[in-house]
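The values are calculated or read from the model by the stated rules, or taken from the named source; none is laboratory data. Nothing here was measured: the structure is a model prediction, and the numbers come from that model. Methodologically, a virtual Cβ is constructed for each residue, glycine included, from the backbone with ideal geometry; neighbour enumeration extends over all protein chains shown.
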Amino acid sequence: MLIKIMLLVIFFSIMIIVGFCSRRHATNVNDFVLGGRGVGPWLTAFAYGTSYFSAVVFIGYAGQFGWKYGLASTWIGLGNALIGSLLAWVVLGRRTRVMTKHLSASTMPEFFGSRFDSKALKIVASAIIFVFLIPYTASVYNGLSRLFGMAFDVPYTACVVAMACLTAVYVILGGYMATAINDFIQGIIMLAGIVAIIASVLNGQGGFTAAVGKLAQIPSEVPATLGQPGAYTSFFGPDPLNLLGVVILTSLGTWGLPQMIHKFYTIRSEKAIATGTVISTVFAIVISGGSYFLGGFGRLFDGPAVYNAAGGVAYDSVIPAMLSGLPDLLIGIVVMLVLSASMSTLSSLVLTSSSTLALDFIKGNLIKNMKDKTQLILMQGLILVFIVISVVLALDPPDFIAQLMGISWGALAGAFLAPFLYGLYWKGVTRASVWVSFLIGVGITVSNLFLHYIASPINAGAVAMVAGLIAVPLVSLITPKLPQGLTDGVFSCYNDLVEATTRKVLPEDKDFDSPAFRKRKK
C-alpha cells in the first residue's frame with residue numbers, strides 16, 4: 001500500500017507542477033486552446049494516442065471484447081493503430097492543419113461554420129459536442145474508479161471526485177500545453193506499464209503457450225460455433241461480424257471525434273506531421289494492441305469476481321480480476337497506467353467541450369462582443385461546469401462503461417466524420433448534406449437507445465458512421481451548391497505559394513526569411 005500511495009503522490013505532484021509551469025503558455029485564447037499552433041511531433045503524437053486510449057479501452061473494452069472474441073479481439077487494437085492512427089494522420093493531418101489555420105478555426109464547430117458559411121451549423125455542432133462528450137467523460141471516471149476500488153479499497157464516489165478535482169486544476173492552469181506535456185509523461189508510463197502487465201499475467205498462467213492452450217479448451221458461447229473449443233483462439237474469433245463493427249467504431253470513429261481532430265490543429269510543421277504519424281502509430285500498436293491482446297485471456301480468470309448479482313458477466317470486472325493477484329509493485333504500475341490513460345483523455349475532453357461552448361455557442365450569440373481575456377475566463381469556468389455534470393452522471397452510470405462510450409462515439413463520429421472528411425477534400429459538399437449527417441449520427445444513436453433496433457450501441461455507432469459516409473455525397477449531388485467564390489476561397493489555402501505549394505509542403509509559420517515570404521511582402 002505504501003508503494004502504491006507513493007507512486008500516486010509522485011504522479012499527482014508532477015501533473016500539478018506541469019500545470020503551474022505551463023501557465024505562461026496559456027495567457028490568451030489561441031495559446032490556451034491550441035498551444036499557439038506550434039506543438040512538436042512527440043507532444044502531438046502522444047497527446048493523440050493518450051487521448052485515444054483511456055480506462056474505457058483498458059478496463060471496459062478490453063474486458064468486454066476480450067471475453068466475447070478471445071484473442072481475435074487483438075484485431076481491434078491493430079485496427080486502432082492502422083486506421084485510427086496511421087490513416088487518420090495521413091488522410092486528415094496536414095489538410096486539417098492547413099485549412100483550419102486558413103479559416104482561423106480553433107474548434108470543429110468553427111470549422112463547420114466557416115467552411116460552409118453557416119452560423120447555424122456552428123451552433124448545432126457545438127451543442128452536439130457538449131452533450132455527447134459528457135457520457136464519454138463519465139465512462140472514463142467510471143472505469144478508472146473501479147480499478148482504484150480494487151487497488152486501494154477506496155469508495156467509488158471519493159475516486160470520482162478526486163479525479164475531477166485534479167483534472168480541473170492542471171487544465172485550468174495550463175490549458176492545451178499543460179495537457180500535451182502531461183500526455184507525453186503519461187504516455188511513457190503507459191508504454192512501460194502495458195508491457196510489464198502482459199508479461200506478468202501470462203507468466204502467472206505458465207507462459208504464452210500454456211495460456212493459449214488453456215484458452216483453446218474453452219467452448220464458445222456463440223451458437224454459430226456449436227460450442228466447439230478453440231473459437232477463442234481462432235483467427236477471427238467466434239463472432240467475426242460483430243467484431244468488425246467494433247473495429248469500425250473504435251478505429252474509423254476517431255476521424256470524427258473533435259477531441260482527436262483538435263490535435264491536428266496544433267501541430268507545428270510538415271516535418272512534425274511526418275514524425276508524429278510514425279510515433280502515433282507505434283504507440284497505438286503497443287497500447288491498444290497490448291490491451292486487447294491481454295483482454296483476450298480474460299476467460300482464464302472466470303470466477304465469482306467477474307459476475308454481477310444477477311449472474312451476468314460484469315465486463316468491467318474482467319480486467320481487475322486478471323490483475324488482482326499481481327504483486328503490489330505491479331498493481332501500482334497498473335494503477336499508474338490506467339490513471340495516465342484516463343487523465344490524458346479527461347483533460348482533452350474537458351478542454352474540447354469548454355472551448356466549444358465558449359467560442360462557438362456563447363461568443364457572438366449570447367454575448368456579442370467578448371474580449372480575449374473574458375473568453376479565457378469563461379472557458380476556465382465552463383471546464384468546472386462540464387466536470388461537475390460529468391461527475392453527477394458518473395456517480396449513477398449504466399451497467400457497463402462500454403455502453404456510455406459507444407453512445408458518445410456513435411453520435412459524434414456519426415454526425416461529424418463524413419462532412420469533415422469530405423469538406424477537407426471536396427468543394428461539392430453542401431450545407432444540406434452536413435445537416436443530414438448531423439441528423440443521421442444523433443438520430444440513429446439516440447433512437448436506438450429507446451427502440452433497440454440494433455442490439456449493440458457499438459454497432460449502432462458503426463452504422464451511423466457508414467450511413468453518413470454514404471449520405472453526404474449523395475445529398476450533395478441533389479442539393480444547392482455553395483457559391484463558387486466561397487469554396488474557391490476556402491480551398492485557396494492549398495495553393496498558397498511558399499517554397500512549394502501548400503498542397504505538397506506545410507510551411508513553418510515563423511519562416512520569415514523564406515524567398516516566398518519576401519516575395520509576398522513586396
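List pairs: first residue in region 275-297 and assigned by TED's automatic domain parsing to the domain that holds residue 254, second residue surrounded by fewer than 22 Cβ atoms within 10 Å (Cβ to Cβ) and in a loop (DSSP other than H, G, I, E, B) anywhere in the structure, Cβ distance under 8 angstrom, at least six positions apart or on different chains.
The qualifying pairs are 297/205.
With the requirement that a residue be of a type in the set (Gly, Ala, Ser), at pLDDT 90 or above and part of a helix (DSSP H, G or I), what does region 280-298 give you?
Matches in region 280-298: 280, 284, 288, 289, 290, 291, 295.
Suppose the filter is under 15 Å from the mean Cα position of the chain (by Cα), part of a helix (DSSP H, G or I) and surrounded by 24 or more Cβ atoms within 10 Å (Cβ to Cβ); does residue 58 pass it?
yes
Just one of the numbered conditions (1) modelled with pLDDT under 95; (2) assigned to a helix (DSSP H, G or I) is not true of residue 421; which one?
Here residue 421 meets the rest and fails (1).
Of (1) outside any helix (DSSP H, G or I); (2) touching a residue at least 40 places away in the same chain (Cβ under 8 Å), residue 461 satisfies all except one. Which?
For residue 461, the exception is condition (1).
Hey, residue 210 hits all of (1) touching a residue at least 24 places away in the same chain (Cβ under 8 Å); (2) surrounded by fewer than 21 Cβ atoms within 10 Å (Cβ to Cβ); (3) in a helix (DSSP H, G or I) but one; which does it fall short on?
Every listed condition holds for residue 210 apart from (1).
For region 257-276: of the residues being part of a helix (DSSP H, G or I) and of a type in the set (S, T, N, Q), which is farthest from residue 346 (Cα to Cα)?
275
For region 473-490, which positions are buried (at least 17 other Cβ atoms within 10 Å of the Cβ), under 22 Å from residue 103 (Cα atoms) and not polar (S, T, N, Q)?
Result: 482, 490.
Filter region 364-385 for residues that are assigned to a loop (DSSP other than H, G, I, E, B) and either surrounded by fewer than 12 Cβ atoms within 10 Å (Cβ to Cβ) or under 29 Å from the mean Cα position of the chain (by Cα) (or both) and give the result.
364, 365, 366, 368, 369, 371
Only one of 168, 210, 192 is among the small types (Gly, Ala, Ser), assigned by TED's automatic domain parsing to the domain that holds residue 29 and farther than 30 Å from residue 35 by Cα; which?
210
Touching a helix residue (DSSP H, G or I) at 6+ places or on another chain (Cβ under 8 Å), modelled with pLDDT of 85 or more and buried (at least 21 other Cβ atoms within 10 Å of the Cβ) - does that describe any residue in region 218-230?
So far as region 218-230 goes, no, none of its residues is touching a helix residue (DSSP H, G or I) at 6+ places or on another chain (Cβ under 8 Å), modelled with pLDDT of 85 or more and buried (at least 21 other Cβ atoms within 10 Å of the Cβ).
Which one of the conditions (1) out of contact with any Pro (no Cβ under 9 Å at 6 or more places or on another chain); (2) part of a helix (DSSP H, G or I) does residue 361 fail to meet, given that it meets all the rest?
Checking residue 361 against (1) out of contact with any Pro (no Cβ under 9 Å at 6 or more places or on another chain); (2) part of a helix (DSSP H, G or I), the one that fails is (1).
Which number in (1) under 20 Å from residue 322 (Cα atoms); (2) crowded, with 24+ Cβ neighbours inside 10 Å marks the one condition that residue 47 misses?
(1)
Only one of these conditions is not met by residue 355: (1) buried (at least 22 other Cβ atoms within 10 Å of the Cβ); (2) at pLDDT 85 or above; (3) among the hydroxyl-bearing types (Ser, Thr, Tyr). Which number is it?
Just one mismatch for residue 355, condition (2).
Which is polar (S, T, N, Q), part of a helix (DSSP H, G or I) and not assigned by TED's automatic domain parsing to the domain that holds residue 108, of 408, 344, 353?
Answer to the check: 408.
Those residues that are within 13 Å of residue 299 (Cα to Cα) and under 31 Å from the mean Cα position of the chain (by Cα), I need them from region 222-242; list them, please.
231, 232, 233
Would you confirm whether any residue within region 380-387 is modelled with pLDDT of 80 or more, more than 20 Å from residue 123 (Cβ to Cβ) and of a type in the set (S, T, N, Q)?
Yes; the residues of region 380-387 include at least one that is modelled with pLDDT of 80 or more, more than 20 Å from residue 123 (Cβ to Cβ) and of a type in the set (S, T, N, Q).
Could you list, in sequence order, all residues of region 320-346 that are crowded, with 23+ Cβ neighbours inside 10 Å and among the hydroxyl-bearing types (Ser, Thr, Tyr)?
340, 342, 344, 345
Within the set of pairs 6 or more residues apart or between chains, which connect a residue that is in the same structural domain as residue 168 (by TED's automatic domain parsing) inside region 365-391 to a residue that is of a type in the set (Phe, Trp, Tyr) and surrounded by 20 or more Cβ atoms within 10 Å (Cβ to Cβ) with Cβ atoms less than 6 Å apart?
376/32
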